[in-house]
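Please treat every number below as a calculation from the coordinates, not as lab data. The structure displayed is predicted, hence computed values, not measured ones. Every residue, glycine as well, gets a Cβ built from its backbone with ideal geometry; the counts of neighbours run over all protein chains shown.
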Amino acid sequence: MKPIRILLALLPLATMAKTVPDWQVCNSTSDTCASKGWMCCVAADTPHSKTKTCRSGASQCLSSVPKSFAGANSYFLHTLVDSDRREVLDKLKASGFKTVRIFLSRTGANTKGANNVGVNDVENPVGQYDDSILKLVDKLIRDCYDRNMKLIIAFHDRWSLGCWDTDAYVTKYNLPTTTSCQQHANIANDFYTRGDAQADFDKRIQHILAHRNPYFNNRPWSELSEAILGFEPQNESQGGLESGTAMPNPQWLCNRAKTIRNAVSNRKILVMSGGGTNYGVSQLSEYFRCPALDVVAIHSYEGANADKLKAAVQLANVHKKRVLFEEFGASGSNKASGLAAYTAAANAAGVPWMVWQVLKPSNHGDFETWTDEKDAWAALTNAARQSNARKGAWSWPELNK
């Protein structure tokens, strides 16, 4: 009789299955969603939730097999003439790339042989804002949206602080400069350690995030999650100033990340670190412990290393962060094989990647790559398609509009 009693005890559970209205909490093993085609799942925009609700389709559900993705840096893409800018995006889209990364920094006309306009930085002098560059980016944001791609925007470039360029912060804070940035970085410590410099930079961040895009009903950038994947305070902050992994101001990045998050309530826009000069410096413990940072970006030109990327995945999981291999590159006769090795390492680790950099025209002897470099372009496009098809370390629901 004992088996019969157990069976009878289980019978009431079978009657608990129910038809669940749209958007309501459900049990995926027993319930049916009321609307045709709807399904019971964890929502894509709440990937850490354990609660399942009835959603309108697979695109709104967190995939059981997270996918990786591929992207490209094109740091002054917003300055290219309309036809070239859109051609670059169209080629990236057709090749399976999902993200593009740019910097907000002064750019000269015809930089690296491109057909681009010159544009000033957002500030000159510090605290006096020139929105010309932001208006160029407004168009790029729209172009990305039209192609179902997303943008990552770095609000400043460390290397503009008297190394590759000299901006308004160099003038105001009398930062030393160098004429040989390739050999050694200038000592720009005051920018990161002085309280007044940090306050000035926070105002820059706030100004940029409040800028309104006329192509999106005049909404501020801080709300444009349908076209923007992430914001970064600065590209490679404190680059060249590290002593081992010690920085002049270990909390600088986290404090700036807090400034961003305070202005960006939309959690579908990620706050990213902006990377460092190598594998190690990109992964400072302060970054993983920073509550305002969602993604720790890794930059490296040291050679492909799947083991280091896999270790980064493990570290990120401990701290409930995600990792993006945001910069790497190759040049010269080994460009194609170098890019293939970097992307293979990232794909093996399940880490999304963004090559440095895609630009029309290419530069065989440098890091710029375009379709006329057939072997290098084939290496990138093949790897991009592989990244979209293979299991990733995390889901990226923010890529959905």
Along the charge dipole of the chain, Cβ charges K/R +1 and D/E -1, which of P250, C26, G96 sits furthest on the positive end? C26
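Is the shape of the stretch 70-399 best called rounded, prolate or oblate, per the rule: a/c under 1.5 gives rounded, else a/b larger than b/c gives prolate, else oblate, with a ≥ b ≥ c the square roots of the Cα gyration tensor eigenvalues? Spell out each step's value before the answer.
Numbers: a/c = 1.26, a/b = 1.15, b/c = 1.10.
In terms of gyration-tensor shape, rounded.
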If you average the C-alpha positions of the stretch 87-160 and of the stretch 236-260 separately, how far apart do those two centres end up, in angstrom? 24
Return the single residue from V126, V355, V295 with maximal mean-square fluctuation; model: Gaussian network over the chain, springs between Cα atoms under 10 Å. V126
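Counting pairs of alpha carbon atoms under 8 Å apart in space and at least six apart in sequence, what relative contact order in percent does the stretch 72-162 give? All intermediate terms of the calculation are to be shown ahead of the outcome.
Numbers: 128 pairs, mean separation 31.1, N = 91.
Averaging sequence separation for qualifying contacts and normalising by length gives 34 percent for the stretch 72-162.
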Relative contact order in percent for the chain (Cα pairs under 8 Å, 6+ apart) equals 16
For K310, counting only aspartates and glutamates whose alpha-carbon sits under 19 Å away and dropping same-chain residues fewer than eight positions off, the answer is D294, E302, E326, E327
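What is the packing order of peptides 281-288, 142-149, 36-43, taking the mean over residues of other C-beta atoms within 10 Å and listing the highest first? Don't jump to the answer; show the numbers that get you there.
Values: 281-288: 20.2, 142-149: 18.1, 36-43: 16.1.
Output ranking for 281-288, 142-149, 36-43: 281-288, 142-149, 36-43.
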Among 370-378, 178-186, how do they line up by average Cβ neighbours within 10 Å per residue, starting with the highest? 370-378, 178-186
Compute the Rg/Rh shape ratio of the stretch 28-173: radius of gyration over Kirkwood radius, all on alpha-carbon atoms. 1.15
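Taking only DSSP H segments of four or more residues, each worth -39500 (n - 2.57), what value at 222 nm results for the chain once the sum is divided by all its residues, to the nearest 500 deg cm²/dmol? Mind showing how you got there, number by number?
Numbers: 11 runs with 128 residues, N = 401.
Only helices count here, giving -10000 deg cm²/dmol.
Can you list the trypsin sites (Lys or Arg not before Pro) in the stretch 258-313 that are in a DSSP coil and have 15 or fewer other beta carbons within 10 angstrom? Let's see the in-between values first.
Values: sites: K258, R261, R267, K268, R289, K308, K310; in loops: R267, K268, R289.
Listed in order of number, the matching sites are R267, R289.
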Determine the sum of side-chain charges near Y145: Lys and Arg each +1, Asp and Glu each -1, restricted to other residues whose C-beta is under 9 angstrom from that of Y145. +1
Under a Cβ-Cβ limit of 4.7 Å, which cysteines in the chain have nobody to pair with? C144
For S300, the net charge from surrounding residues (Cβ-Cβ under 12 Å; K, R +1; D, E -1) works out to -3
Taking the mean number of other Cβ atoms within 10 Å as a proxy for protection, how do you rank 106-118, 220-232 from highest to lowest? 220-232, 106-118
For the chain, with +1 on Lys and Arg beta carbons and -1 on Asp and Glu, the positive-most of L80, H364, A378 along the dipole: A378
Would you grab the residues whose amide H sits under 5 Å from the one on L229? Only those 5+ places off in sequence or on another chain, please, with H modelled 1.01 Å from N. L151, I152
